[in-house]
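J.: Dumping the structure here so I can ask a few things about it.
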Amino acid sequence: MEIKNINQYNQGIGKYKILSSNAGVGSIVATKWGGFIMPVSSSRWGFVTAVTEYLKNNSSEILDNKKISNETGVEIIEDNRFVGFLKNTEGMTHLRCLVAIPHVSLNINNYCEINEHPTNIKYKELHPSSSGLNEGVFTVPALVFPRWFYSRKTFDFKPIESWIDEWKSKGCNGGEIKYFAPPRDPSIITKRKLGDPKLPEGKNKIHGLLEQVAMVLICPNGHISDIPWDKYFCAKLEQKKKVNDEGFDLFRYEGQQCPKNESGEHRLQWLENRSHSESFGTLRCKCCNQRVSLEGIMNIQPLCPGEKTWEGIGSIDHVPCVKKTTHEHSTMKWAMVTSNSVYYAENFSSLFIPDCYRKGDNYLDEKQQKVLSLMKDKWFAKYAEKHPGATEQDYLDNTDIPSLIDKADDSDYKVTEEEMEKIINVFLGADQEDEVGDVREEYRFSEFEVFQNNHISLDDSDKLRFSDIDLPESLKPYFYKIQQVNTLGISSTQINFSRVSMPQPMMKDDGTIEYPTRMKIFRESPEDVIVMPANQSFGEGLFFSFNEEKISEWCSHYSSELSEHYKSIIYHDDTYENIYQEMKHGGVAKFFLLHTFSHVLMKELEFSCGYPTASLSERLYFSDRMCGVLIYTADGAEGSMGGLVWQGQPKLIEKIISQAMRRALNCASDPICWENEDQLNLAACFSCAMVSETSCEKRNVGLDRRILVDESYGYFKDL
């Protein structure tokens, strides 16, 4: 495939990968042309800005997903519960909706197929006078990063902006910047020609590519920067090994000027050392011929300047970049762009729960929330101006429900007396519940309760339908229930991201869980976010709820054996501290039991039914008050057309579970696997219990076949 102009920086990425662990905002994505790009802030995504502007211009309207979609050409994701969660926990107090990342493919010439896109066709039908949606509504913008390139012919080494200036000054391809992409070398001219008839002979040759330097500096707080190679060159000449000292102020270093160049700038060249394969090479000034070795470059630890490159080149964090613990100026670490430490995304997913399951009299829909806002910000505020020191109760004591209903009606919000009473309850603070220890556990527990407390779905929703199966006698001692989930919708988005190390939730002294805040995917402050990008997939699954009484008896009866067996897991890597704390809080043996059961069942479905485990996913419901798992498959995956639910029939699921336990007795790597004690994994490997990373919620950690089938203490040993 030939890439010939600026529009063809295009890198095809599936929409479900955009907000993933390796292709979200601020990540570094490898491209087809061999270089790297960085997706920019979601605040600059066309489909996000289109809906944001619409909602700002129509702020008084009740959210109408269909109308917004018709007007903007952007799909709106219906998930009020998820929106409410993000508002309450992430400070997005003005968040109104989630927008779906559009699907778009690249054609054989590497262009975005938008003219024949179904969304664009529908938009033009609704707006006959329009020429259709622009490409920005369908694509995610990105910038070239790292920014430093060198020529394989001249060895000149400089940032992409300088290469663009040289491209224009030399008149390469007529000086047209559109033919510079992907970054091309003005000094390398191939024999191939561009198909542009406007270019004269001699100016229509395709240029060779520049070589990108795949090294960056990353900060534990999420910042990322190019290595300032010009400053590094000067500092290494003058300061020698001091450049590698922790906290060296590299970005503000003012070195001596080049004595042989009128401008004073060193004209750098990148020279590879071909005689030493492990050496990075040498930097040399083309003018004064001074040179420095790149040996030890990976040891530099400069002070962090606070750059948020994904928000725009040169974007600096206005908050000083300091260490979270000591509040000292934070330092950066060297990394290759392909290193896992460059990007850790924190994603969050939500199971769609229709409003009919949402308990509590204080749940308000958007219309009621609009009236509540009027009551707080307008009606009560006006009363408080005339009556300083008045409370909310004082205001309500001096008004009545009919007059409040009339005020709402005057603002075009028609509410009933029952609805107004709910609004008043929330206005008086009745919705303020006791602080929970872990807001995310509480959120998932609300999903668990829907399955646990209902034997069949309450309505025929197109996003959630389920029903209990008749448990076979052999499974009744082990499970409270098994359900066939014929339809489910799962929404997911990215909350933030970090670098260097994975952010770890921390338990505070009051017992609540605090989730670390790192870099957000949007540019504005959380309270100014109106729209968030998300993905929503639909599928089906099987829900398993374990018998808690049986688990308690089992844990009590084999307490000494289980304690002895899991004593080694306390010596684990810091990377897995959050999973270890989760285990301790809900029960170590219970966690290993639930998680390993989930994996061996997915494996068995692969063996007996032909589903690749990569097409299946798990959703663990684990804490001190729940123990269950939803194994599901989503859009486009094998088994998403009724096949997985079919396996939930009593006779089939009984056979699948028993075969899974029988298969768990043996592994191709036994006895090494059976006797393994590898931090938070014991008897587990890819031959028996580990699955695809995309299928597991816990990074294949917390697995042990012995907890299921060990002849001494296995939970299913008698099955």
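J.: Could you pull out the residue among SER162, SER151, SER169 that is open to solvent by 80 Å² or more (accessible area, probe 1.4 Å) and modelled with pLDDT of 90 or more?
T.: Details: SER162 fails: open to solvent by 80 Å² or more (accessible area, probe 1.4 Å); SER151 fails: open to solvent by 80 Å² or more (accessible area, probe 1.4 Å).
Step by step, each of SER162, SER151, SER169 is checked, and only SER169 is open to solvent by 80 Å² or more (accessible area, probe 1.4 Å) and modelled with pLDDT of 90 or more.
J.: Among LYS178, LYS158, which is in contact with a Leu (Cβ under 9 Å, 6 or more places away or on another chain) and not hydroxyl-bearing (Ser, Thr, Tyr)? Full working, then the answer.
T.: On the way: LYS178 fails: in contact with a Leu (Cβ under 9 Å, 6 or more places away or on another chain).
Exactly one residue qualifies, and that residue is LYS158.
J.: While we're looking at this one, here's another question. Quick check on segment 434-444: of everything there that is part of a helix (DSSP H, G or I) and open to solvent by 30 Å² or more (accessible area, probe 1.4 Å), which residue is modelled with the lowest pLDDT?
T.: Filtering segment 434-444 for residues part of a helix (DSSP H, G or I) gives 439-444.
Now drop any that are not open to solvent by 30 Å² or more (accessible area, probe 1.4 Å), which leaves 439-442, 444.
Working: VAL439: 84, ARG440: 87, GLU441: 89, GLU442: 89, ARG444: 93.
Applying the filter and picking the extreme gives VAL439.
J.: Taking the residues in segment 220-238 that are crowded, with 17+ Cβ neighbours inside 10 Å and of a type in the set (D, E, K, R) as candidates, determine which candidate is farthest from LYS520 (Cα to Cα). Steps first, please.
T.: Quick first cut of segment 220-238, residues crowded, with 17+ Cβ neighbours inside 10 Å only: 220-237.
The next check asks that each one be of a type in the set (D, E, K, R); those that pass are 226, 230-231, 236.
Numbers: ASP226: 20, ASP230: 30, LYS231: 30, LYS236: 35 Å.
This residue is LYS236.
J.: Yes or no: segment 239-253 includes at least one residue that is in contact (Cβ under 8 Å) with a residue 40 or more places away in the chain, open to solvent by less than 70 Å² (accessible area, probe 1.4 Å) and closer than 23 Å to VAL40 by Cβ.
T.: Yes, the conditions are met somewhere in segment 239-253.
J.: Mind telling me which of the residues TYR515, TYR480 ends up being at pLDDT 80 or above and open to solvent by 50 Å² or more (accessible area, probe 1.4 Å)?
T.: Within the list TYR515, TYR480, the selection yields TYR480.
J.: Out of (1) open to solvent by less than 30 Å² (accessible area, probe 1.4 Å); (2) farther than 22 Å from ILE570 by Cβ, the odd one out for THR694 is which?
T.: Among (1) open to solvent by less than 30 Å² (accessible area, probe 1.4 Å); (2) farther than 22 Å from ILE570 by Cβ, THR694 violates only (1).
J.: Scanning segment 526-560 for residues that are in contact (Cβ under 8 Å) with a residue 12 or more places away in the chain, of a type outside the set (A, V, I, L, M, F, W, C) and not in a strand (DSSP E or B), which turns out nearest to VAL500 (Cα to Cα)?
T.: That would be PRO526.
J.: Another question, then. Starting from residues that are surrounded by 14 or more Cβ atoms within 10 Å (Cβ to Cβ) and without any contact (Cβ under 8 Å) to a residue 24 or more places away in the chain, keep the ones in segment 84-120 and report whichever is farthest from SER491 (Cα to Cα).
T.: In this case the residue turns out to be HIS117.
J.: Follow-up. Counting only residues that are touching a helix residue (DSSP H, G or I) at 6+ places or on another chain (Cβ under 7 Å) and farther than 27 Å from SER339 by Cα, give me the strands (runs of 3 or more DSSP E) lying completely in segment 142-215 with at least 1 of them. Break it down into steps so the answer makes sense when it comes.
T.: Numbers: elements: 142-144, 148-150, 157-159, 184-193, 205-209.
Passing ranges, in order: 184-193, 205-209.
J.: Just one of ASN120, ASN115 is part of a loop (DSSP other than H, G, I, E, B) and under 30 Å from the mean Cα position of the chain (by Cα); which is it? Talk me through it step by step, then tell me what you get.
T.: Details: ASN120 fails: part of a loop (DSSP other than H, G, I, E, B).
Residue meeting the stated conditions: ASN115.
J.: Please determine, by comparing only the residues of segment 204-219 that are surrounded by fewer than 20 Cβ atoms within 10 Å (Cβ to Cβ) and out of contact with any Asp or Glu (no Cβ under 9 Å at 6 or more places or on another chain), which one is farthest from GLY171 (Cα to Cα).
T.: Among residues in segment 204-219 that are surrounded by fewer than 20 Cβ atoms within 10 Å (Cβ to Cβ) and out of contact with any Asp or Glu (no Cβ under 9 Å at 6 or more places or on another chain), the one farthest from GLY171 (Cα to Cα) is ALA214.
J.: Given the conditions (1) more than 18 Å from LEU351 (Cβ to Cβ); (2) part of a helix (DSSP H, G or I); (3) touching a residue at least 12 places away in the same chain (Cβ under 8 Å); (4) of a type in the set (A, V, I, L, M), report the number of the one that VAL450 does not fulfil.
T.: (1)
J.: Name every residue in segment 323-358 that is under 17 Å from PHE82 (Cβ atoms) and either within 21 Å of the chain's Cα centre (by Cα) or of a type in the set (D, E, K, R) (or both), in order of residue number. Quick ask: steps written out before the conclusion?
T.: Restricting attention to segment 323-358, the residues satisfying the condition of being under 17 Å from PHE82 (Cβ atoms) are 346-358.
Scanning segment 323-358 gives GLU346, ASN347, PHE348, SER349, SER350, LEU351, PHE352, ASP355, ARG358.
J.: Those residues that are under 27 Å from GLU442 (Cα atoms), over 19 Å from the mean Cα position of the chain (by Cα) and surrounded by fewer than 23 Cβ atoms within 10 Å (Cβ to Cβ), I need them from segment 605-630; list them, please.
T.: SER623, ASP624, ARG625, MET626, listed by residue number.
J.: If you don't mind, another one. Give me the residue from segment 287-322 that is among the small types (Gly, Ala, Ser) and either surrounded by 19 or more Cβ atoms within 10 Å (Cβ to Cβ) or at pLDDT 85 or above (or both) and, out of that set, nearest to the chain's Cα centre (by Cα).
T.: Looking only at segment 287-322, we keep the residues that are among the small types (Gly, Ala, Ser), and these are 293, 296, 306, 312, 314-315.
When the remaining residues are screened for being either surrounded by 19 or more Cβ atoms within 10 Å (Cβ to Cβ) or at pLDDT 85 or above (or both), the result is 293, 296, 306.
Numbers: SER293: 39, GLY296: 33, GLY306: 22 Å.
The selected residue is GLY306.
J.: While we're on this one: Take PHE497 and decide whether it is modelled with pLDDT of 90 or more, farther than 30 Å from HIS223 by Cα and aromatic (Phe, Trp, Tyr).
T.: On the way: modelled with pLDDT of 90 or more: yes; farther than 30 Å from HIS223 by Cα: no; aromatic (Phe, Trp, Tyr): yes.
Judged against the criteria, PHE497 is not a match.
J.: Let me ask you something else. Test of understanding: among ARG284, ARG252, which residue is among the basic types (Lys, Arg), more than 38 Å from the chain's Cα centre (by Cα) and modelled with pLDDT of 90 or more? Write out each step before concluding.
T.: Numbers: ARG252 fails: more than 38 Å from the chain's Cα centre (by Cα).
So the residue among ARG284, ARG252 that is among the basic types (Lys, Arg), more than 38 Å from the chain's Cα centre (by Cα) and modelled with pLDDT of 90 or more is ARG284.
The values are calculated or read from the model by the stated rules, or taken from the named source; none is laboratory data. On a predicted model such as this, the values are computed, not experimentally measured, just so you know. Please note: Cβ atoms are built from the backbone with ideal geometry, for glycine as well, and neighbour counts cover all protein chains shown. All accessible areas refer to the heavy atoms of the entire protein, side chains included, with ligands and DNA or RNA removed. Shrake-Rupley method; radii C 1.70, N 1.55, O 1.52, S 1.80 Å.
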